[in-house]
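Structure record follows, encoded as structure tokens.
The values are calculated or read from the model by the stated rules, or taken from the named source; none is laboratory data. Note that the structure is predicted; figures quoted are calculated from it, not measured. Using ideal geometry, Cβ is built from the backbone for each residue, glycine included, and neighbour counts are taken over all protein chains shown.
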Amino acid sequence: MLIAIATPLLSVIVPTPRNSILSMKRLNHAARVSFPAIFLLARGRRGLFSRPRAGFSIVELMSVLAAMSVMVALAMPALSGVQRAGAVNLAAYEIAGTLEQARAYAMANNTYVFVGIAEDPAATGSGSAPAQLLVATMGSKDGTRSLGGSGANLTPLSRLLRISGIRLEDSLPNPQAGATPGGLSRPDVAAAYRLGNTASTTDASGTFSWKPGAALPAVTFSKVILFDPRGTPAIPSEAASMALPKYLEISLVPSLGYTASGSVPNCAALVLDGVTGSVRIYRP
């Protein structure tokens, strides 16, 4: 075929001077025959004359989809655990940052700052477990430690912080005796100075209410940490009697999937030094 195509082309490219009319006829013939033949030859190897390629059958496609569905179903519990661990870690750092900012503000402005934590009753997780924490930072209007009636002496210093999927816990495992340093091995904190314990909120004088918006309901913060002008933390009801704690603790766990068992759960403990006010995060 190549010889048949090339022969008229060569005769057109090198015409003989003896017969110009014959050369023109050969040119017309080459335009009608040679170029379509070259086009068909170029396509013949790849599509026009090749065998049709075999694809996937519907049975093979359904088998692959079924295998992928099984793999996703097996991976979902692990992905949920990673997501809950990330939520606890993020909540711990957000609350720690809020406490550090409140302490710095109290020292810089020679005033008292109150950080309140409440469990949102409107957002519930499994059963009665609250699924959202609310954190408010309030400053004293007159520079004293008095909250006033339901917080009348307080003014907000920042927006309301909402942390979803997290709740307070009374106590977390504390492997102190013979334990290797690290993880949840931390200083022992009395029940009255653990914000997840009911003993830390028995005195109504240490609570305040705040309405964060005109269309939002008022929130009562019964878990409160007070920072004085020196940056020392305390519970408001205890600070009046000068009963300063050695440590304070905020324990955080996921709203869903947490069980207080012998094994170390997915949790975080924020421990405040009772003298310096510095915050340290303990994680399993």
In the stretch 143-160, the residues that are assigned to a loop (DSSP other than H, G, I, E, B) and surrounded by 13 or more Cβ atoms within 10 Å (Cβ to Cβ): 143, 145, 146, 147, 148, 150, 151, 153, 157, 158, 160
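At pLDDT 90 or above, loosely packed, with under 14 Cβ neighbours inside 10 Å and part of a strand (DSSP E or B): which single residue out of 230, 280 fits that description? Show your work before the answer.
Details: 230 fails: part of a strand (DSSP E or B).
Every option except 280 fails the conditions.
Does residue 127 qualify as being modelled with pLDDT under 85 and in contact with a strand residue (DSSP E or B) (Cβ under 9 Å, 6 or more places away or on another chain)? Reasoning before the result, please.
Values: modelled with pLDDT under 85: yes; in contact with a strand residue (DSSP E or B) (Cβ under 9 Å, 6 or more places away or on another chain): no.
In short, no.
Which residues, counting only those in the stretch 213-231, are touching a Pro at 6+ places or on another chain (Cβ under 8 Å) and farther than 17 Å from residue 148 by Cβ?
From the stretch 213-231, those touching a Pro at 6+ places or on another chain (Cβ under 8 Å) are 219, 224-227; that's our starting set.
Of everything in the stretch 213-231, those that are touching a Pro at 6+ places or on another chain (Cβ under 8 Å) and farther than 17 Å from residue 148 by Cβ turn out to be 225, 227.
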Residue in the stretch 263-271 that is at pLDDT below 90, buried (at least 16 other Cβ atoms within 10 Å of the Cβ), part of a loop (DSSP other than H, G, I, E, B) and of a type in the set (A, V, I, L, M) present: no
